[in-house]
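The values are calculated or read from the model by the stated rules, or taken from the named source; none is laboratory data. The structure displayed is predicted, hence computed values, not measured ones. Cβ coordinates were reconstructed from backbone atoms using ideal geometry, including for glycine residues, and neighbour counts include every protein chain displayed. Just so you know, the surface numbers come from the protein's heavy atoms only, side chains and all, with ligands and any DNA or RNA stripped out. Shrake-Rupley method; radii C 1.70, N 1.55, O 1.52, S 1.80 Å.
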Amino acid sequence: MNNQHPVYTLINECHDCYRCVRECPVKAIKIENNHASVIPEKCISCGTCVKVCPTNAKCVRSDLEKVKNLLISGKDVYVSLAPSWRSVFENSAQKMIAILKKLGFKEVSETAIGAQEVSIKAAKLLNETESGLWISSACPVIVEYIRLYQPEFTKNITPIGSPAKTHAKMLKNLYGKDIAVVFIGPCIGKKNEADENDNLIDASLTFEELKIWIADKIGDISQIKKESYYEFVPYSAHEGTLYPINGGMNQTIQKVGVKPNVQLMEICGIPAFEKALENLDAEKLSAPIFVEALACESGCITGPCIASNNPSISSISDIMQKVKVRDEIPTEPQLVVECDYSPKEVATSKYSLEEITQTLKKIGKHTEEDELNCGGCGYNTCRELAAALLDGVAEPSMCVSYMRKIAMRKAAAMLRCMPAAIVMVDNNMNIIEANDSFMKMFTGDMYEIFKSRPDGMTGAAIDRIVEFSDIFRTILKTGKDLHKEHYNVKDRLFDINAFTIEPNEIVGAIITDVTQTETTREKISEKAKEVISKNISIVQEIACLLGEHMVETETLLNSIANDYDDKSSEDKK
């Protein structure tokens, strides 16, 4: 048994878009650290998340190496080829077989011959039923959905193995218990069937995996010539090839023959199937009803790994044209796989109204009016998101409206606390946002009125508030940012940094009143000049005084010197 679930996430490629949560019919997705991962025990392997992921972060497990190892082991490996192959590969049956043999397979057989046996058994079961509900077991995704999410209807699944299982058992009965059987088709759910340790299907490949393998090992398949003696073993399928289209199984049952009172219905898609079972009491049905239920819209031809962009109408037409109807269909099957489907219900937690209410408050939902139920998080209602939060499979950041409120509060707090005036203006020259500093700076006596308004200055005409509205017009027109330094308005000086937020749509400006700063600077300059002037005067005075003092000193010293010289001369005499 393969331990890795068939669907997984490339974490680095996941970009918190929540699309997989939104589209997953059973919400088997866990959001952790803004990345989405599949919850294996809840997943039904429908592949919806794989199909809708915009970044291809959701991937399907590759079993190519497992199949290659089967071939290397020396076993005879047989292919069970799903009938939808005709909508993917534009090859004849002989060439398709030749390609698969080139890859190393012993023989190729059609899954549709197993489908024929299943239809015969289903028709017999319906003919023996007087009333009640039967649901086809052909689609492994539907079977898994019922077992997990509609366990009360498990008893209504036909107790027959799927066509793939039936076919694998036929091949092993015919060619030996030791052969390996590899199913190839468009279905991810078949990987779960192969993982079951029942020795029927050894591995399952998707058409996408097959295409990758063909491109890697063969390359140009046009070089492979079809061999006229290559045929499907043990024989070609007939009405079973209708199985991949919506209503195809019912057509085969009709060909087998059922009582007139048997009602055959077909339902495609998990949401439609869920709706069909809603409030249904199968015990009260008065006639035998058989529901051909398929998880994929239009049937298997639109499977998650179909690997084809062909229109579904064209694919349906191709399948219907190539079906070979038998002249006589047996009323007893050669063999089938008996299956007893048991419930394996997903454990769900029940939360009280108080728990839900408290959790809602954590994402800003304080009243019923706050519960927008917008679906942006991926859940249908805010209360479903609250339950997911309590389950630990969701994060508060998934709520778009909550995160928007937080972002707005942060932005508003930053705008409010900034000392500079900030304003944003739209292309109609109306104010979108203005902080308190802007209102104080430019509204004068109207400040209290604007402050009391819930929306502040939102919607006010900028040209009625400031005298430099032409700056905003210029930026809206040119898209170029402007910086006005010491912009003079009514004896006040402003530094204005105006810039584009959305080209030709929104502009913003940060405005600083530098009047006081410049006035203070001028006063300081004047004082400095005054001090410098006084200092120069004092220096000059000091210089003058020093000059006079030097003259007096020099005169005194000369006098002393002269007196000394005269006295010396007298002493010598």
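Looking at the structure I just gave you, is Tyr379 closer than 30 Å to Arg22 by Cα and of a type in the set (Phe, Trp, Tyr)? Give the derivation first.
On the way: closer than 30 Å to Arg22 by Cα: yes; of a type in the set (Phe, Trp, Tyr): yes.
In short, yes.
Could you say whether any residue in the range 453-473 is of a type in the set (Ser, Thr, Tyr), part of a helix (DSSP H, G or I) and at pLDDT 90 or above? No, the range 453-473 contains no residue that is of a type in the set (Ser, Thr, Tyr), part of a helix (DSSP H, G or I) and at pLDDT 90 or above.
Name the single residue that is farthest from Ala28 (Cα to Cα) among those in the range 355-373 being open to solvent by less than 100 Å² (accessible area, probe 1.4 Å) and among the charged types (D, E, K, R).
Ranking the candidates gives Asp370 first.
Just one of (1) more than 11 Å from the chain's Cα centre (by Cα); (2) surrounded by 21 or more Cβ atoms within 10 Å (Cβ to Cβ) fails for Cys49. It is (1).
If the condition is being of a type in the set (A, V, I, L, M) and more than 18 Å from the chain's Cα centre (by Cα), then the range 390-402 contributes only Leu390. A single member of Glu90, Glu110 is open to solvent by less than 30 Å² (accessible area, probe 1.4 Å) and either among the small types (Gly, Ala, Ser) or farther than 14 Å from Glu209 by Cα (or both), and it is Glu110.
In the range 19-42, the residues that are over 19 Å from Ala386 (Cβ atoms) and open to solvent by 20 Å² or more (accessible area, probe 1.4 Å) form Cβ pairs under 8 Å with partners that are part of a loop (DSSP other than H, G, I, E, B) and of a type in the set (Val, Ile, Thr), at six or more places apart or across chains, as follows: Pro25/Ile44; Glu41/Val346.
Number of residues in the range 8-49 that are in contact with a strand residue (DSSP E or B) (Cβ under 8 Å, 6 or more places away or on another chain) and farther than 20 Å from Tyr379 by Cβ: the value is 5. Of the residues making up the range 226-247, those that are more than 31 Å from the chain's Cα centre (by Cα) and either closer than 19 Å to Ser312 by Cα or open to solvent by 30 Å² or more (accessible area, probe 1.4 Å) (or both) number 15. The one condition from (1) open to solvent by less than 20 Å² (accessible area, probe 1.4 Å); (2) not in a helix (DSSP H, G or I) that Glu117 does not meet is (2).
Filtering the range 202-216 for residues that are part of a loop (DSSP other than H, G, I, E, B) and modelled with pLDDT of 90 or more leaves a non-empty set.
Checking each residue in the range 321-354 for being under 33 Å from the mean Cα position of the chain (by Cα) and either open to solvent by 70 Å² or more (accessible area, probe 1.4 Å) or aromatic (Phe, Trp, Tyr) (or both) picks out Pro343, Lys344, Glu345, Ala347, Thr348, Lys350, Tyr351, Leu353, Glu354.
The residues of the range 426-452 that are in a helix (DSSP H, G or I) and either touching a Lys or Arg at 6+ places or on another chain (Cβ under 8 Å) or loosely packed, with under 15 Cβ neighbours inside 10 Å (or both), listed by number, are Asp436, Met439, Lys440, Gly444, Asp445, Met446, Tyr447, Glu448, Ile449, Lys451, Ser452. If you go through the range 145-193 and pick out every residue that is small (Gly, Ala, Ser), assigned to a helix (DSSP H, G or I) and open to solvent by 10 Å² or more (accessible area, probe 1.4 Å), you end up with 0. For Val423, which of the numbered conditions (1) open to solvent by 40 Å² or more (accessible area, probe 1.4 Å); (2) more than 26 Å from Pro151 (Cα to Cα); (3) out of contact with any Pro (no Cβ under 8 Å at 6 or more places or on another chain) fails to hold? It is condition (1) that Val423 fails.
For the range 376-405, filtering for residues that are open to solvent by 30 Å² or more (accessible area, probe 1.4 Å) and either closer than 17 Å to Asn34 by Cα or assigned to a loop (DSSP other than H, G, I, E, B) (or both) leaves 13. Selection of the range 248-283 for residues being of a type outside the set (A, V, I, L, M, F, W, C), within 26 Å of Cys24 (Cβ to Cβ) and either touching a Ser or Thr at 6+ places or on another chain (Cβ under 7 Å) or open to solvent by less than 60 Å² (accessible area, probe 1.4 Å) (or both) yields only Gly269.
For the range 120-142, filtered to residues that are open to solvent by less than 10 Å² (accessible area, probe 1.4 Å) and under 34 Å from the mean Cα position of the chain (by Cα), the residue that is nearest to Asn250 (Cα to Cα) is Ser136. Of all the numbered requirements in (1) surrounded by fewer than 16 Cβ atoms within 10 Å (Cβ to Cβ); (2) at pLDDT 95 or above, His15 misses one, and that requirement is (2). In contact with a Ser or Thr (Cβ under 6 Å, 6 or more places away or on another chain), open to solvent by less than 60 Å² (accessible area, probe 1.4 Å) and free of Cβ contacts under 8 Å to residues at least 40 places away in the same chain, is that true of Ser312? Yes: the conditions hold for Ser312.
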